[in-house]
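The values are calculated or read from the model by the stated rules, or taken from the named source; none is laboratory data. From a predicted model like this one, the values you see are computed outputs, not experimental measurements. Cβ sites come from the backbone with ideal geometry, for glycine too, and all protein chains shown count toward neighbours. Each accessible area value is taken on the protein alone, full model and side chains, heavy atoms only, with ligands, DNA and RNA left out. Shrake-Rupley method; radii C 1.70, N 1.55, O 1.52, S 1.80 Å.
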Amino acid sequence: MSDQQQDIGTMAVLETVYSYRLQGKEYGDLLSDLDQAITMLARSEITTGKMPDRLSVFEELETHFAIATQLDDRIVENTDEEQIQKFIDGPLACLAVDKNLKVLAISEAAKTSLGSIEDRHIRTLNMRDSEKKSLLQAIQTVLGETEQGPRDRLLFVQLDENADIQLCNIRPFPKAGIAILFFDHLKWNAFTDEALKRNFGLTSAETKVVSALMTGQRPKDIAVETERSVETVRSQIKSILSKTQLKDTTALVRLACEIIALSDKFDVHENAADPVGFSFVPPAPAVVQHRGQSFGVTDMAGIKSASPERTILFVHGLLQGPFATRRFQKLCHEQNLRVISPSRPGFGATPVAKDKVDFTNRSVDDMAHLLDTVKIDKAVIASHMIGNYITSRFAARHPDRIACAISISGVVPVEFTEQLRQQNNMQRIAMLAARYSPSTMNFIARMGERYLREGNERKCLSQIFARAPGDLACLDDPEIFSILKAGMRHLMDSGRSAFIHDCQAGATPFAEDFFKGSHKRHFIHGVQDRSVPFETCSATAKSVPGWTFERVENGGQNILHTHPEVIVECFAKQLESAAQPVVA
């Protein structure tokens, strides 16, 4: 490449970096532009053969990415006030409040829907004391999240005892000490009624009880309205909670509200033959203490106890998290399969790691401790996407503790530049940055974190899934889309550290560990997967005698959610083959 071409390429990178926030570009466009410019600059270093140990282009740009991150701090500080005013002047029903619920500003739409607020204080609304307390706690919590970055919160509130339940979205501006509350009316509709019947098996009488509970009615009130005894209504509520696998009526009302919040995107009569999708409520993880530290563990199928011979250890991916569809859970129950998933450092309830080395070491150590806890000596370990890297590290350090590794849409070692060219642009630039440039990785993660916190999950996923029709279809499935959003929240619970460390760890050369060991390895991969290209995974699987490969037609990287029958059947077969012994 000539000096002139080098200068043009460098300017293209700098223009992309410094203009991203100022020009209001989409996050996917940022990554695409960076990928195009940087791969052009580095093409002489990544032409053919093995991946290089270093890329000089990143070394030259390292300072610029660090400066761009500092400049972004100033841009964010200066735009808070401007953004708050745009919301108040806009068409949405919203309030600007401080940490004590004092109303600082109110939009015209909110004045119309909420009426006058005496003394400019939200406490004057005819809300239940418990709801005022919940709202106050949520606002004070999000305004205090300065280290991890501000996060939106969703609450369901009843601003007047005779009013419909509303969805309240809280968007915090911690540096200004202000939160914007957005309100959206939630009314019972045919979609919600049908979704509860089809997905949970509720009867018409039971959905009427749920509808009444949403309006704040007690069993005695419902009994009078439905002309039934109080005992009958309580029995119906008990049946509903059993069918929905929820603990109490508060969780039941929340589930109904989440379905209503999604209902404007779907027509209940469009495809009457198929079950209507429903929203996903992430299960609360168990917190396990080990060597003075804690980590979260999720029972993905909701089976709290099963024999070691019927237990799978699952290493979740980056975006999807340790969550599964109801269909997956039902299939696991039918097979009596327990699927337990530890959250890696920085994900969910697990504290952050110091660096990528600590991240890997703790992940592997937590997996070994969890196997000890459930008394499994030799495990069948399933891993999703980048979790495949951690499983490979575990197998290298504990070769006697793994019987079979199941790779679901799993990453494989990128050792050759040809593999790099097969990846989509968002995956490629993230991998290159994670492997060669800490400042670039931090910049990309920072921009991505804010993009997601601004409510752009659907846009971000649309860009990631752009070339995979099977994955794009997931965005139109309410349950799967809710799971993907929950996975993103799980990723961002402690800021951007999990994203950075997981990418850096996964981008570290791990071929030696990956191909080491005598355990079985089975690959399940979607033909449409563009994050980990099908061709790359297929070729890798065929390179080792005894490794097996299973292709999923019309599937992408989300086959865990779209093809649960394939996954659960594989789990059952591999467990039977492994015949795991119990630790004495």
**OP:** Go through the stretch 390-416 residue by residue and tally those that are in contact (Cβ under 8 Å) with a residue 24 or more places away in the chain, in a helix (DSSP H, G or I) and open to solvent by 10 Å² or more (accessible area, probe 1.4 Å).
**Re:** 5
Original post:
For the stretch 354-410, how many residues are touching a Phe, Trp or Tyr at 6+ places or on another chain (Cβ under 6 Å) and of a type in the set (Asp, Glu)?
Top reply: 1
**OP:** Looking only at the stretch 557-580, decide whether some residue is at pLDDT below 90 and open to solvent by less than 60 Å² (accessible area, probe 1.4 Å).
**Re:** yes
Original post:
Has the stretch 168-177 got any residue that is within 23 Å of Thr244 (Cβ to Cβ), at pLDDT 80 or above, open to solvent by 20 Å² or more (accessible area, probe 1.4 Å) and not in a strand (DSSP E or B)?
Top reply: no
Original post:
Here is a list of conditions, (1) open to solvent by 20 Å² or more (accessible area, probe 1.4 Å); (2) at pLDDT 80 or above; (3) closer than 16 Å to Val97 by Cβ, and Leu181 meets all of them except one; can you say which number that is?
Top reply: (1)
